[in-house]
Structures are given as C-alpha cells and as structure tokens.
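Scroll down for the structure; my scribbles are underneath it.
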4 protein chains.
Amino acid sequence: MIGCPACEYNTFREVKMGTEIKIRGYHTDLYQHVNNARYLEFLEEGRWQLLEDHLDLDAFMGDGFSFFVVNINISYRSPARVGDTVLVRSGRKKIGNKSAVFQQQIVDKFTGAVCIDAEVTFVIAGTSGRPLKLEGELKEKLLQIPLFDG
Amino acid sequence: MIGCPACEYNTFREVKMGTEIKIRGYHTDLYQHVNNARYLEFLEEGRWQLLEDHLDLDAFMGDGFSFFVVNINISYRSPARVGDTVLVRSGRKKIGNKSAVFQQQIVDKFTGAVCIDAEVTFVIAGTSGRPLKLEGELKEKLLQIPLFDG
Amino acid sequence: MIGCPACEYNTFREVKMGTEIKIRGYHTDLYQHVNNARYLEFLEEGRWQLLEDHLDLDAFMGDGFSFFVVNINISYRSPARVGDTVLVRSGRKKIGNKSAVFQQQIVDKFTGAVCIDAEVTFVIAGTSGRPLKLEGELKEKLLQIPLFDG
Amino acid sequence: MIGCPACEYNTFREVKMGTEIKIRGYHTDLYQHVNNARYLEFLEEGRWQLLEDHLDLDAFMGDGFSFFVVNINISYRSPARVGDTVLVRSGRKKIGNKSAVFQQQIVDKFTGAVCIDAEVTFVIAGTSGRPLKLEGELKEKLLQIPLFDG
C-alpha cells in the first residue's frame, strides 16, 4: 500500500495500473530502441508485481509451488526509446486444465501507444517439479489474479 | 571462414550447424535455469550468425536495409543449466509479401534435447524506416538464407 | 517532481533518497544472488536519476555533452536476494580537471546493510567526442550534483 | 580440447589465448558501444573459461568450494562496436592470505586495441559459506591458474 505521507490519500489504485519503467541507455541497443530481449525482463517484472499484489506469493512458493513459463508470444508494435516512460499492464487471460495464460501489454505512459502485446503461457509445478492440474484450491488461488483489463 | 591452421581443412560446414553457447552462471536465474529473456539473446546471436553466413550483411545494411522483429513465438521445452552446451540452429521458414519468418531451435549439443522452439517474424525497413515489400532483388537476397533444416 | 494527487504534498525529498529496486528472479544468478554485472545496471539507473534530478539533462545532452565512464571500482559487500528491496544512493565525490567521480552505494532498504560500494569515474565529451576540461560553465553544472551523503 | 577433424592438429593453444566474442546489436547501448555492464559478463565468461582450462572445476565445486567476487576495478579504454571481435584474456595476478586477484583484459582481436583492463578480487568460500584461508592444497590448486601474460 502506497499512500501520501501528508494526507494518507491512497495512490494504490493508480500504481496498480501497471509497473512503471523509465527507459534508460542500458535498456536500448544498436537501433536506440529497447532491445527485444529486454522487454521480456519488463514482462517478468510486471508478472512478479501482479502476483505480489494478488497472491500471498511467499506462502504460495513456501507451499512448494513454482511458476514455469512454457510459451511467450510477443508482438513488437512500436519501439520505446531512451527517456520514454512505459507501463507494464498484466492480467489473467484464461485458466485451462494444465496451463494458464497471462495477458500483458507495455504502453507509453503519456501517449498510450502500445509498444508490446504479449501472451505468456505457464504451468504450476509442485514440489516434484511436475506440472499440476489447475483445479480445486490451486485454481481458486489463480482466479484471485484479476482478468486483463484491456 | 574458419580453417585449420595446419592443413587448411575448412571446418566451416560444421560451424554452420549452429552457434554454440556454453551456459555460464550469469545466464541463469533463481531456478538455476537459463532465464527466459536470455534465450532471446541466444536467438539474436543465432540470427546474426545466420545472416553473416549467407548475406553480405555489411553491404545489405550499407544499402540502408534494417531487420525489425515484429513477433517472437517462443516455446520453452526443457531447461538448460550451468555447464550445458547448447546449439542455436536457425533458418528461413517462409517469406510473405511484407514479412518473413525465421525458425530457430536451441538444442543440447550432446543429448540433442530441445530446449527452445521459436518462430521470429520480421520486416525489412528501408532508409525511410518503413517496411518494404519483399519482392524483386530484396526477396532474392532473403532466399539466399537456407531453409531451417529440422 | 512527484506529488500526491490529492493534496499536492511534495514527496520529492523522500524519492531522492535513492532509486528503489525490488530484486526479482531475473536479476539473480546461479548462487541466487544478484549477478555482478546486473549491479552495474542498477548503478547506471541511479546515475540517470541523479542527473535527471539535478541537471537539465535534455538541455545538457542537446548541447552535445555526453558522459563517458572511464573507470568503475565496485566492492561487493553483501549479496542481495530475490524479494529484497534495495536503494541505489548516488552523489558527487570530486571534480578534477579532466575527470570527475560519482560515489554510489546500494543498501538494503529495510536493514540498511550495504550491498555495494562503488566509485564511478567519468569524463564529459563534447560534440567532437573528445573529453573536455571540467572548468567554467561546465564545472558549474556538475557542481549542481549534490555531494554523496554517506 | 578442440582439434581439426581432418588432421587432428590441436588448435587448443590458440583458443586458450582468449575467449573470443563477436559484438552484436544486443551487446550495445544508446551510444552504439558495448554497455558498461555487459563487459562484466564478458569478464565472467573469460574467468569461467580460464578456470575450466586449468582447474578440475566440477571436482572443485563438488568439494563445496565457491568463488565469490569481492571487488572489480574496471577501466574502459576504448569502446567496442557492433561487428568488432574481441578477445577476453585472463590470468592470475596474485594470491594473498584471504583473497586473490585475477587480471583480465579485453582487446580487439584484429587491431590489438585495449578495450578493457580489469582486476577482479575474489575469495574462496567453503561449504559454510565463509571465506577460507588460501593456503595448503587450496593454494596449490589456485597456483595452477597461469599468471596473466600481458
């Protein structure tokens, strides 16, 4: 929870709109755009924050559950450049029997231009390391993650 | 061209089988597997080598052509770990009117286990920065890139 | 300038205490610690923020000035791990005739434990690409960067 | 051991001269130079190869020994750019009672221009995680690492 120290106004809802990242020199490459691989770090950052905000992540991992990404489908729409500020927006897309899908988008904070659209398919492994069926209590937990709000 | 300094045997064909990468500590993450984002650097490495081997890349870029990746669809099959040696194998999949697709695979050099399957869709931009039609001389050049050899 | 949207309280001073980074899986390596190279990205992040806060950086770079790092001396004191939150604290150490030095520290936000001590020596290049003497107006600008506050 | 498949000429000594890295787009940043942080990955790559070539690294780590870097002092001499090929050259500088120092250099393969000079101070931790005295058998092992050959 992030609040104003003077008036205790809760800025939480705004912050939840997305993980904010300011583009720096080290994020960019030859073309002075953010490098293709770097965006996957931005997406990972967004997913950790999503999970932190909506799951008791320490308890979840303490119970021996792990997230394993099995597919990422990422479209590069418009390049982000040094000095831009982007928001990583993340949510649940669907939950299948064995795998589930996050939807993520990276947008320019000021213009709203879409830089990245991505779908990230994952499984949940238990202590054995094997993917678990997404049912019962485990599915309930995943349903706590809000739907992507396009 | 890589040759043996003693007998001038051309080892080039073997080298072309793939870009070889030994997995080091800095490639891996929390789970002691190569990190999701890092694989995209491995794929980029493989594409540069593919293009160097089959295009006159300096002339191509000197003519004002640039490759822009518009989509990557990457499946994480089995994790690579510190000490593993992987090969990045890359080739052409198809050439459309406006975009074309590379197919890439990262395999364990010794076991042959597939770590990564990926399709990388790209466009070619000219000096204006706008995507060009893939026809005529430009298409001829792209056809010099060999088909992915599964 | 970052303000509360309800009461316009200026939270700027707090934010200036340091660039805050939460450690994620992709920051860490084999040993489940933040990787040695990654800390240099954290330090670069801290320097960009320092310069943004105290120089008119766009004007400075628009005038053709560039910062070039010529030496980094970094000591790894205690490892940061997934879930830790660190602050990157940055300031000026000294300004010589041709080069100047930033001092930076990365500390655990909650325990205050020092993870990293670093000194970063840089020169300023002009449009010719050559290092400039740090005198006159240029030195005045650099003196706007506050001393490191240990 | 790397040999020619035609004549079995041992190219090992040449390869040992340094770890070879071709600079790609994803290595570079805003200024179209290799990014400061990336060089630390190149240095780590060089150290792993040095250790592999001269220690039985699997046995060493199997015995519970770990290398921990405690300081890196890196000087950026001249920038490497896309298309350059660099060699990472690594060796032992000195072995003290509690810590030891690697010396490393990154040079342009063709011009010999020095890009990077670095000294990397490390300790050896045992299974307890605490630094060990560098004496007896442990020191003998470290002495197998050749002196840096400037």
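The set of residues in the range D:97-111 being outside any strand (DSSP E or B) and in contact (Cβ under 8 Å) with a residue 40 or more places away in the chain consists of D:109 alone. Looking at the range D:127-150, is at least one residue in a strand (DSSP E or B), among the basic types (Lys, Arg) and surrounded by fewer than 17 Cβ atoms within 10 Å (Cβ to Cβ)? Checking the range D:127-150: not a single residue is in a strand (DSSP E or B), among the basic types (Lys, Arg) and surrounded by fewer than 17 Cβ atoms within 10 Å (Cβ to Cβ). Name the residue that is most open to solvent (accessible area, probe 1.4 Å), counting only residues in the range A:29-50 that are without any contact (Cβ under 8 Å) to a residue 40 or more places away in the chain and either of a type in the set (Phe, Trp, Tyr) or in contact with an Asp or Glu (Cβ under 6 Å, 6 or more places away or on another chain) (or both). The residue in question is A:48. Scanning the range B:68-87 for residues that are open to solvent by less than 30 Å² (accessible area, probe 1.4 Å), of a type in the set (Val, Ile, Thr) and out of contact with any Phe, Trp or Tyr (no Cβ under 6 Å at 6 or more places or on another chain) yields B:72, B:74, B:85, B:86.
Taking the criterion of being of a type in the set (D, E, K, R) and in a loop (DSSP other than H, G, I, E, B), the only residue of the range A:79-90 that qualifies is A:84. Within the range C:97-118, is even one residue surrounded by 16 or more Cβ atoms within 10 Å (Cβ to Cβ), within 23 Å of residue A:82 (Cα to Cα) and more than 16 Å from the chain's Cα centre (by Cα)? No, that holds for no residue.
Restricting attention to the range B:60-96, the residues being in contact (Cβ under 8 Å) with a residue 40 or more places away in the chain and under 26 Å from residue A:101 (Cα atoms) number 12. Checking the structure you have, find out if any residue of the range C:29-39 is in contact with a His (Cβ under 9 Å, 6 or more places away or on another chain), of a type in the set (S, T, N, Q) and under 25 Å from residue D:101 (Cα atoms). Among the residues of the range C:29-39, at least one is in contact with a His (Cβ under 9 Å, 6 or more places away or on another chain), of a type in the set (S, T, N, Q) and under 25 Å from residue D:101 (Cα atoms), which makes the answer yes.
Those residues that are assigned to a helix (DSSP H, G or I), hydrophobic (A, V, I, L, M, F, W, C) and facing chain B (nearest Cβ under 8 Å), I need them from the range A:26-78; list them, please. Across the range A:26-78, the qualifying residues are A:37, A:40. For the residues D:77, D:130, the requirement of being at pLDDT below 95 and basic (Lys, Arg) singles out D:130. Please verify whether residue A:65 is open to solvent by less than 10 Å² (accessible area, probe 1.4 Å) and over 21 Å from residue B:39 (Cβ atoms), treating the condition exactly as stated. Taking the combined requirement at face value, the residue does not satisfy it.
The values are calculated or read from the model by the stated rules, or taken from the named source; none is laboratory data. The structure displayed is predicted, hence computed values, not measured ones. Glycine also receives a Cβ, built like all others from the backbone with ideal geometry; neighbour counts cover every protein chain displayed. Heads up: the accessible areas ignore ligands, DNA and RNA and are worked out on the full protein's heavy atoms, side chains in. Shrake-Rupley method; radii C 1.70, N 1.55, O 1.52, S 1.80 Å.
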